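Pasting a structure below so you can have a look.
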Amino acid sequence: MYGSESKGKKTKIIQVIGMEFPIRCFTCGRPIAQDYHEYEKMLKEGKTQKEALDALGVKRYCCRRMFISYVDLTELVSKYKRT
Ligand SMILES: [Zn+2]
C-alpha cells in the first residue's frame, strides 16, 4: 500500500488528517480494523459487500456502515505536502 522510502512521511500525514480505516466502530465501539484487510481481499475476489461482511461476522448495521462508507483516500492525500 505504501512506498517503502516515504512510508514514515505518509503515515505522519495520514495520522494528522485521520484518513486511515477507523480502529473501532464509532457507535458501538466494536474493534473493526482487524477485519478490514480480509474484507478488502474478499471484495477483490469478487464477493459483494454483504457477503464479505456476513462472512466476517460483522452483524450490527453501525459496524457495517463503517466498512461500506469507508473511502480510501490515502493515495490522493499523500500527493500533497503539509505546509
Ligand atoms: Zn458498531
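Taken together, the values in this text are just the output of simple stated rules run on the coordinates, not laboratory data. The shown structure was predicted, so the numbers you read here are calculated from the model rather than taken from an experiment. Please note: Cβ atoms are built from the backbone with ideal geometry, for glycine as well, and neighbour counts cover all protein chains shown.
Looking at segment 60-83 only, could you name the residues that are in a loop (DSSP other than H, G, I, E, B), closer than 15 Å to F21 by Cβ and either touching a residue at least 60 places away in the same chain (Cβ under 8 Å) or among the hydrophobic types (A, V, I, L, M, F, W, C) (or both)?
First pass over segment 60-83, keeping only residues in a loop (DSSP other than H, G, I, E, B): 60, 69-73, 78-83.
With closer than 15 Å to F21 by Cβ added as a condition, the list becomes 69-73.
Passing the criteria: V71, L73.
Which of the residues that make up segment 53-73 are over 14 Å from the mean Cα position of the chain (by Cα) and within 16 Å of the ligand (Cβ to nearest atom)?
Step one: of segment 53-73, the residues over 14 Å from the mean Cα position of the chain (by Cα) are 54-62.
Within segment 53-73, D54, L56, G57, V58, K59, R60, Y61, C62 meet the criteria.
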